[in-house]
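Here's the structure, in structure tokens; my notes come after.
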Ligand SMILES: [Ca+2]
Ligand SMILES: [Ca+2]
């Protein structure tokens, strides 16, 4: 037992304690997400007995040591069983376990929102931008956090839209223009902000309308633009400050304009600096001028200018370019005709259609197709929220850097003025978890279901009778309900289990999207599917 590789063992055997701990107790910040699994553990995890000398040394450390656990390097020259016995024979050690790798596993999640999927006999998804971003795989890793708010500083949001109303915080109207009385509370009277809000976070897996990128957390409507979609620096600046004061983490500015003499608008810069100091990440539309005019607020410091791409990952013809384009996101092709194939499908509002489905479908709310860098900014905001939800301790700059570093390089090789760092890829931004196919069939009916008058039957198919866990999570992945079935309680073939729509405390769960996951106890088979609860 000599040599530099045995750091952990020196430690356990009473060698250079504190020093070794400092060297070995670092936890990797990110789980490496290998494409092929390996069972070789990354050293050992050791729990020390309370009051032992080693435990006292640990108590000065942070992280794992709070749990009284140390991460020790392995001895590559010794069998794992022998290493374990050396550790376990140490009188200070309560237990020792291999530090196994875990791999994030992404599966496709297909929301049941009718405007998400391809139309009958069509291949292209109606909301093509979501699979383009790999959001449909990212959703199996995260679909948001309840404590992350995004502010839509825009023309307002339709507060009554059936696919948005449950996603909104109380909004505000901050429009001060002559001969114009804006609707109160952040209500939309243009449609633009409603479209943007739906792209970011329409209520998803509710069997209604469209899917959003982020499903948990809240949207803050901040109305600063009038019924024609125009607003002043004064109101926009006030809106940014108000959003930061409300605790918004992401601020979406799907608006902009040039500055006559090229001077950055100082009021907007001051407002953005205020938001940045409050920990906000600010996205702005790069502009729809199709040239390299400097657009503000996109070109301000501490703002990420977002350019638009078409369904073929080219810069959209209208997308303003220049050094201020930080990155790109789908915004739709600049075709004359707005179609689902090339435009962006989302929630909408307009004065004449009274909330009816203007796309020819039978949805209760209104939906529309728009293109522009506004839509691209909205996509970027949604993507940022997904990244942030996996690690809320990240700074705004870290989230931005992650999106840029993992974007798909398009256009000229490397970062370029036309498309910035490239087109956002949400799955890559989450660390490119291994994509796996569900290993077993899982579905439920009815879905959506109403727990006030029915239960839902969850069906999973097994090849062999293996013990299995069936769990239901909310949209922010908090465990709602879980049941273990032993091998004797399942059969090879079709297993039918009931979920009554109640959580572990016996309370009926709220409206919304849930995930069910079944995993066999040998870890060999699993599947994940959404459940919509509508009361
Ligand atoms: Ca929906
Ligand atoms: Ca490029």
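The angle between the Cα long axis of helix 192-201 and the longest principal axis of the Cα atoms of the chain comes to about 10 degrees, rounded to the nearest 10.
In what sequence, highest mean first, do 205-218, 411-424, 87-100, 363-376 appear when ranked by Cβ atoms within 10 angstrom? Provide the component values of the computation, followed by the final result.
On the way: 205-218: 26.2, 411-424: 19.5, 87-100: 15.4, 363-376: 24.6.
For the peptides 205-218, 411-424, 87-100, 363-376, the packing ranking is 205-218, 363-376, 411-424, 87-100.
Using only helices, what value at 222 nm comes out for the chain when you add -39,500 (n - 2.57) per DSSP H run of length 4 or more and divide by the total residues, to the nearest 500 deg cm²/dmol?
Numbers: 12 runs with 104 residues, N = 535.
Helix-only estimate at 222 nm: -5500 deg cm²/dmol.
On the principal axes of its alpha carbon atoms, the stretch 442-533 extends 35, 23, 21 Å, with the longest extent given first. Helix 233-245 and the longest principal axis of the C-alpha atoms of the chain enclose an angle of approximately 20°.
With the convex hull drawn around the C-alpha atoms of the stretch 205-311, the volume per residue stands at 133 Å³. Per-peptide packing, taken as the mean over residues of other Cβ atoms within 10 Å, places 450-457, 67-74 in the sequence 67-74, 450-457 from highest down.
Full extension of the chain segment joining residue 259 with residue 165 gains 30.3 nm, where the gain is 0.36 nm per residue of separation less the Cα-Cα distance. With the biggest extent put first, the Cα atoms of the stretch 368-518 measure 61, 35, 34 Å across the principal axes. Its residues counted as N, the stretch 336-419 yields a C-alpha radius of gyration over 2.2 N^0.38 Å of 1.45. Sorting 470-478, 349-357 by their mean Cβ neighbour count within 10 Å, with the most densely packed peptide first, gives 470-478, 349-357.
Could you calculate, for the stretch 294-383, the ratio of the Cα radius of gyration to the Kirkwood radius, expressed as Rg to Rh? Dividing the radius of gyration by the Kirkwood radius yields 1.04. Among 497, 165, a tally of other beta-carbon atoms within 10 Å of each Cβ gives an order, fewest to most, of 165, 497.
Beta bridges from DSSP with both residues in the chain: antiparallel share about 65 percent, rounded to the nearest 5.
Relative contact order of the stretch 230-358: 19 percent, from C-alpha pairs under 8 Å at least 6 residues apart in sequence.
Run the numbers on the chain and let me know its relative contact order in percent, using alpha-carbon pairs under 8 Å that are six or more apart.
13
Expressed as an acute angle from 0 to 90° and rounded to the nearest 10, what is the orientation of the C-alpha long axis of helix 266-277 relative to the principal long axis of the chain? Rounded to the nearest ten degrees, it is 20. In the stretch 50-188, the C-alpha radius of gyration followed by the widest Cα-Cα span (Dmax) gives 27.4, 83 angstrom.
I'd like the Kirkwood hydrodynamic radius of the chain, using the inverse of the mean 1/r over distinct C-alpha pairs, in Å.
25.2
Direction-averaged shadow area of the convex hull around the Cα atoms of the stretch 390-437, nm²? Write down the numbers at each step before the final one.
Numbers: hull surface 16.7 nm².
About 4.2 nm², averaged over all directions.
For the stretch 152-234, compute Rh as the Kirkwood radius over C-alpha pairs and then the Stokes-Einstein diffusion coefficient at 10 °C and 1.306 mPa s; write the answer in µm²/s, rounded to an integer. Can you show the working numbers first?
Details: Rh = 12.6 Å.
It comes out at roughly 126 µm²/s.
For the stretch 301-455, the orientation-averaged shadow of the C-alpha convex hull comes to 13.8 nm² (one quarter of the hull surface).
Once every Cα of the stretch 420-466 carries one equal point scatterer and solvent is ignored, give the base-10 log of I(q)/I(0) from the Debye formula at q = 0.20, 0.28 Å⁻¹, two decimals. Debye curve over Cα of the stretch 420-466, log10 I(q)/I(0) at q = 0.20, 0.28 Å⁻¹: -0.81, -1.00.
Values quoted throughout were computed directly from the atomic coordinates according to the rules given, and no laboratory measurement underlies them. Because the structure is predicted, anything quoted here is derived from the model rather than measured. Note that each Cβ is placed from the backbone with ideal geometry, even for glycine, and that neighbours are counted across all protein chains shown.
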